[in-house]
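Read the structure below first, then the notes.
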Amino acid sequence: MKTAIPPESFIDLLLDAVCVVDRDGYVRYVSAASERVFGYQPEEMVGRLILDFVHPEDRDKTRQAVKEILQGELKPSFENRYVRKDGSVAQIMWSARWSEEEQVRVAVARDVTGRRRAEAMQAAMYAISEAANSSDSLSTMYLRIHQVVDDLLAALGSPIHDWQGVPLASSEEVLGAIEEQKQVDDRCCSDPDRELLEFVRVQVAAAVDRKQMHSQLEFMANYDQLTGLPNRRLFMDRIHKALERAARDRSYLAVLYLDLNDFKGVNDSYGHSAGDEVLQTMADRLAQCVRASDTVARLGGDEFIVLLYAIKQPDDAFSVAEKVRASLSEPYELSAADLTLIPSIGVAVYPQNGETREALIRHADIDMYRVKRGEV
C-alpha cells in the first residue's frame with residue numbers, strides 16, 4: 001500500500017525558498033528553507049509584508065519589479081538584498097511570476113550571497129592591483145583603494161558595526177590600520193566581517209609592497225644612489241623636453257658641465273668615504289645655487305651637469321657658473337680633513353652652442369676641459 005506524502009514535504013527539502021505573496025504584498029506561505037535563506041522561520045514571515053524584509057536601499061527597485069510581475073511579466077533572475085534576522089545582508093536571486101487564477105505571486109528565492117561576495121572580492125582584488133600599478137604616488141593609490149573598498153562594502157552591503165579594524169603592514173613596516181564604521185547594532189563581530197577586513201588588509205598590504213618596490217626601482221633607475229640627484233638617464237629625458245619647449249617658445253637654456261680638480265687625490269689620500277663626503281657636499285651646494293625648476297644631475301665620479309631652464313639671456317648662464325664656482329671653492333669640512341677644491345666649469349647655451357642635447361653636452365664638456373687646461 002502506497003503512502004501519500006503531502007507536497008509540502010517535497011518543497012521543504014528544497015535548498016531554495018518557495019514564497020507565495022498576495023497582491024497587497026503579504027506573505028501567505030514560505031517553505032522551510034526560509035530560515036536558511038532569509039534567517040527567519042516560516043511562521044515569522046507569514047502574515048508580514050515581504051518588503052519589511054527587503055534591504056532599505058533595494059525597496060524602490062523591488063516595488064518596480066513587483067509592479068511588472070503583477071502586469072504579467074516573468075522575472076526569472078531578479079536580484080535584491082534582504083536583511084536577515086541577525087542583521088546580516090543576503091543577496092537573493094528570484095524567479096517569480098503572477099498567478100491570475102490564485103491572485104498570488106509565486107517565487108523561488110535562491111541565496112547567492114556567497115557567489116556575489118566572491119565575485120565582488122575578486123573584482124576588488126583586481127581594482128586594488130590596478131591602483132597599485134597605475135597610481136603615480138602612494139597617496140594617490142590610497143585614495144583609489146579607499147574608493148575600491150567603499151564600492152566593495154556597498155556591493156556586499158556588509159553592516160560592519162561600530163568600529164573595528166586590522167593593522168596594515170607592508171613587508172617592511174607597520175603603516176597604520178584599516179578601520180571601518182557602519183551602523184551600530186547589538187550583534188557580535190561576525191566571521192564575514194572579520195574575513196572582509198582581513199581580505200582588504202592583505203590586498204592593500206600587497207599593493208603597498210608592489211608600489212614601494214616599483215617606486216624603489218624607479219628611483220634606482222633615475223637617481224644617483226649616493227647624492228640623490230637625477231642620473232644621466234633622467235637628465236637626458238629632462239633636457240630633451242626642455243629643448244622641445246625652448247624651440248617652441250624661442251627661449252634660451254644652458255648646460256653647465258663641471259668636475260673638481262684633483263678629486264682623485266682625495267680618494268687616494270683619505271679614502272673613498274672622504275670622497276663620498278665631498279660629492280654629497282658638492283651636490284648640496286649645487287642645488288642651492290640654482291632654481292628649484294632647474295636640474296642638477298650627477299653623471300658619475302665627480303662629474304656633474306646642470307640644466308638651466310628658460311634663462312632670459314645667455315649671460316645669465318655665466319653668472320650662474322660664477323656662483324657655482326664660488327660655492328664649490330669653499331672649504332670642505334670632512335671627517336678626515338678640511339680641504340679646498342677648485343671646480344672646472346664648462347658652459348653651453350642653446351641655441352648658439354648647439355640645438356640638440358648631444359651637441360650642448362659635448363660643447364660644455366669641451367669647454368670644461370679648456371678651463372681645466374687654463375685656455376679660458
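Here are a few things to note about the model shown:
- Extreme residue, farthest from the chain's Cα centre (by Cα), among residues of region 86-105 that are within 16 Å of Gly25 (Cα to Cα) and assigned to a loop (DSSP other than H, G, I, E, B): Glu102
- Candidates Asp86, Asp12, filtered to the one that is in contact with a Gly (Cβ under 8 Å, 6 or more places away or on another chain) and at pLDDT below 95: Asp86
- Failed item in (1) touching a His at 6+ places or on another chain (Cβ under 6 Å); (2) over 27 Å from Leu153 (Cβ atoms), with Arg81 passing the rest: (2)
- Among the candidates Glu198, Glu277, Glu244, residue that is without any contact (Cβ under 8 Å) to a residue 12 or more places away in the chain and outside any loop (DSSP other than H, G, I, E, B): Glu244
- Glu119 satisfies every condition listed in (1) outside any loop (DSSP other than H, G, I, E, B); (2) closer than 22 Å to Asp150 by Cβ; (3) in contact (Cβ under 8 Å) with a residue 60 or more places away in the chain; (4) not hydrophobic (A, V, I, L, M, F, W, C) except (3).
- When restricted to residues that are in contact (Cβ under 8 Å) with a residue 40 or more places away in the chain and within 22 Å of Glu57 (Cα to Cα), region 73-116 contains 17.
- Residues that are under 17 Å from Asp52 (Cα atoms) and either touching a helix residue (DSSP H, G or I) at 6+ places or on another chain (Cβ under 7 Å) or buried (at least 18 other Cβ atoms within 10 Å of the Cβ) (or both), drawn from region 66-83: Val66, Asn80, Arg81, Tyr82, Val83
- Scanning region 347-362 for residues that are touching a residue at least 60 places away in the same chain (Cβ under 8 Å) and under 16 Å from Val306 (Cα atoms) yields Val347, Ala348, Val349, Tyr350, Thr356, Arg357, Leu360, Ile361.
- Selection from region 10-42 of residues that are without any contact (Cβ under 8 Å) to a residue 40 or more places away in the chain, under 21 Å from Gln103 (Cα atoms) and in a loop (DSSP other than H, G, I, E, B): Asp24, Ser31
- Scan region 36-65 for residues that are in contact with a strand residue (DSSP E or B) (Cβ under 8 Å, 6 or more places away or on another chain), acidic (Asp, Glu) and buried (at least 16 other Cβ atoms within 10 Å of the Cβ) and the total you get is 1.
- Subset tally (residues that are of a type in the set (Phe, Trp, Tyr) and more than 11 Å from Val278 (Cβ to Cβ)) for region 332-350: 1
- Restricting attention to region 295-344, the residues that are closer than 23 Å to Asp237 by Cβ and part of a strand (DSSP E or B) total 15.
- Given (1) more than 22 Å from Tyr369 (Cα to Cα); (2) out of contact with any strand residue (DSSP E or B) (no Cβ under 9 Å at 6 or more places or on another chain); (3) buried (at least 16 other Cβ atoms within 10 Å of the Cβ); (4) not hydroxyl-bearing (Ser, Thr, Tyr), number of the condition Glu244 does not satisfy: (3)
- Any hit, region 279-289, residues being of a type in the set (Lys, Arg) and over 12 Å from Leu258 (Cβ atoms): no
The values are calculated or read from the model by the stated rules, or taken from the named source; none is laboratory data. Just so it is clear, the structure is predicted and the values come from calculations on it, not from any experiment. Cβ coordinates were reconstructed from backbone atoms using ideal geometry, including for glycine residues, and neighbour counts include every protein chain displayed.
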